[in-house]
Amino acid sequence: MFPVSSLHTVLICEKWEECVSFYRNVLAFPVVDERERFIEFQVAPGARIGILRPLHPERRERSHDRVIVSICVVSVEEAHSELKARCPDLPPIRKHPWGARVFELQDPEGWRLEFWSPEDGLQEEAR
């Protein structure tokens, strides 16, 4: 099994401001990353919740496109190689706009699983 550094659940929220306020002010989770369309909260060591503003809010997405289970691995190449042996149709590793190396697949129910490592290969303390 490839080493996992942390688990991130990313919620794609149309009510972005309200959700950000809820996680920040009601649940009082500390912010660990904040960008124009994305904010991430530390829930516990190795566990985070990200709130992502939809890229195309006018387009209704299937429920399975509204949640991403995002798994930070020590080496995206190692994870990809191991999974490729069991999933021959696995898409290639690509560079994500926010700088990580990433690949995605779907489970049999259609939920999105994203495996990633920071571009430089170094892990942040909380990840």
**Message:** Take the residues in the range 31-56 that are within 22 Å of G99 (Cα to Cα) and surrounded by fewer than 13 Cβ atoms within 10 Å (Cβ to Cβ); name whichever of them is modelled with the lowest pLDDT.
**Reply:** H56
**Prompt:** Within the range 64-76, restricting attention to residues that are more than 19 Å from V20 (Cβ to Cβ) and either modelled with pLDDT under 90 or exposed (fewer than 14 other Cβ atoms within 10 Å of the Cβ) (or both), which residue is nearest to the chain's Cα centre (by Cα)?
**Reply:** D65
**Selection count, the range 83-113, where residues are surrounded by 10 or more Cβ atoms within 10 Å (Cβ to Cβ) and outside any strand (DSSP E or B)** = 12
**Prompt:** Which of (1) more than 15 Å from E114 (Cβ to Cβ); (2) modelled with pLDDT of 90 or more does V4 not meet, given it meets every other one?
**Reply:** (1)
**Item:** Considering residues of the range 1-30 that are surrounded by fewer than 13 Cβ atoms within 10 Å (Cβ to Cβ) and touching a residue at least 60 places away in the same chain (Cβ under 8 Å) only, the residue farthest from E82 (Cα to Cα)
**Value:** P3
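May I ask you to verify whether E61 is farther than 18 Å from E119 by Cβ, at pLDDT below 95 and not hydrophobic (A, V, I, L, M, F, W, C)?
In short, yes.
The values are calculated or read from the model by the stated rules, or taken from the named source; none is laboratory data. Here the structure is a predicted model, which means the values were calculated and not measured. Heads up, the Cβs are rebuilt from the backbone with ideal geometry, glycines too, and the neighbour counts pull from every protein chain shown.
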